[in-house]
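Quick notes on the structure that follows.
Just so you know, all these numbers are worked out from the coordinates, no wet-lab data involved. Computed from a predicted structure; not experimentally measured. Heads up, the Cβs are rebuilt from the backbone with ideal geometry, glycines too, and the neighbour counts pull from every protein chain shown.
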Amino acid sequence: MQFLNSSFFKKYLLPGFIFQSVVIAGGYGTGRELVEFFLNYGPLGGLLGMLLITTIMWSLILILTFEFSRVFRAYDYRTFFIKLLGSMWFLFEIIYFILLFIVLAVIGSAAGVLLRDNFGLPYMVGVGIMLGAIGFLTFKGSNLIEKFLSSWSIVLYIIYGIFLITALIKFGPEIKKNFSQAIIIPKWALGGFKYALYNMGIIPAVLFCLNHIERRKEAIIAGFLGGLIGIIPGLLFFISVVGFYPEILPIEVPAVYVLQKIGSPVLLIVFQIVLFGTLIETGTGFIHAVNERIQSSLLSKGKVFPQWLRPFIALILLLGGLGISTFGLINLIAKGYGGISWGFFLIYIIPLFTLGFYKLRKHS
């Protein structure tokens, strides 16, 4: 715990762990996103998309974002995009809220299904537990959220490592065979590109912890490491499921499917507990970003953001997300996430690498 409070951890590793915490849940944690955007293009095609496209894009975007945030002291998305886009900043907020409700729908559906299908609990019990946990964390604020998200990420790394080792022991020949066939389906780069883009919509969930970064060198290192920290659990999972290609492609929750094939009840239970925690992580990160944006707006008007309003806003947003969760996990990820990628590309990525880069040079 002392390491988590160290200056080194908060400057260089915390932003990456917060980033990974928010990326992980819903489709990533269940494996659905990784199948949709990577394995659909073949074992080798998916691996290339993950390492050559997504990882490099994540690191470059995070580096520039962290530096822009540091220079302009923009630690919530309202301030960040006012500095970047000026009066047009609200365009990002529109797209962010679309993504927000899709993500909350995904994690709400996943939470209910997870506890119902594997622990025999009513669907709404899983949803209620997630609501209570997110409400509590958002009520407590940034300090506890930093500790919870980073600590749970370390636990998740351990479990994903065990997941990979077990899969290699049980299905090593099948994994090796599928990789050796070198299947690369066209548009693998587009899959990695779109996956990298839509995940950049979670940047608001990371901004609140960037106040620990004080120098350009720190922003560059933290951004580079953030891309790696974000992709490693996905890489471990991807290698594990390659042994089940192509029959795993239509499976709604690939992680549970593979764990059932492994046949370890203990690992299955532990993994699902950790997975449930990742749903809480992602929901907390997205909603905390909205609370920080509201607080920034009120402070600019000389007003105070009441602490009790934080969990209330969390409840309203979560209920809104649950209202659209009836569309199903696969449809939400395949259609909702894929389409919104281009919105972030136009409103965030292009302005960041043009206008943002210009403003940083001018400020220097």
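Which of rounded, prolate, oblate describes segment 1-98, given a ≥ b ≥ c as roots of the alpha-carbon gyration tensor eigenvalues and a/c under 1.5 marking rounded, otherwise prolate only if a/b is larger than b/c?
Verdict is oblate for segment 1-98.
With a ≥ b ≥ c taken as the square roots of the eigenvalues of the C-alpha gyration tensor of segment 35-180, please select rounded if a/c is under 1.5 and otherwise prolate if a/b is larger than b/c or oblate if it is not?
oblate
Can you compute 3J(HN,Hα) from phi for each residue in segment 58-75, using the Karplus curve 6.51 cos²θ - 1.76 cosθ + 1.60 with θ = phi - 60°, rounded to whole Hz and x for Gly and Pro?
Whole-Hz 3J(HN,Hα) from phi for segment 58-75: 4, 4, 5, 5, 5, 4, 5, 5, 4, 5, 4, 4, 5, 5, 9, 6, 9, 10.
Between TRP342 and ARG215, what length comes free when the chain is fully extended (0.36 nm per residue of separation minus the Cα-Cα distance, one decimal in nm)?
Stretched out fully, the TRP342 to ARG215 stretch lengthens by 42.6 nm.
Hey, could you pull the Cα Rg and Dmax for segment 8-348, both in Å?
When restricted to Cα atoms, segment 8-348 yields Rg and Dmax of 19.1, 64 Å.
For the chain, find the longest principal axis of its Cα atoms and tell me its angle to the long axis of helix 142-180, 0 to 90°, nearest 10.
Its long axis makes an angle of about 30 degrees.
With angles folded into 0 to 90 degrees, how steeply does helix 14-24 sit against the dominant principal axis of the chain? Use alpha carbons for both and round to 10.
Once rounded, one gets 50 degrees.
How many angstrom lie between the Cα centre of segment 221-279 and the Cα centre of segment 348-364?
After rounding, the separation between the Cα centres reads 36 Å.
By how many degrees, 0 to 90 and rounded to 10, does the Cα axis of helix 216-241 deviate from the longest principal axis of the chain?
Roughly 20 degrees between the two axes.
Hey, can you rank 347-359, 166-178, 48-60 by average C-beta count inside 10 Å, highest first?
48-60, 347-359, 166-178
When the helix-only estimate is applied to the chain (DSSP H runs of n ≥ 4, each -39,500 (n - 2.57), divided by the residue count), what is the mean residue ellipticity at 222 nm, nearest 500 deg cm²/dmol?
Helix contribution divided over all residues of the chain: -23000 deg cm²/dmol.
Could you pull out every residue, at least 5 positions away or on a different chain, whose amide H is within less than 5 Å of the one on GLY42? Hs are placed 1.01 Å off N in the peptide plane, and Pro or chain starts have none.
For GLY42, the qualifying residues are ILE185.
Set the Förster distance to 22 Å, then compute FRET efficiency between SER6 and ILE154 from the Cβ-Cβ distance, nearest 0.05.
Using R0 = 22 Å, I get an efficiency of 0.95.
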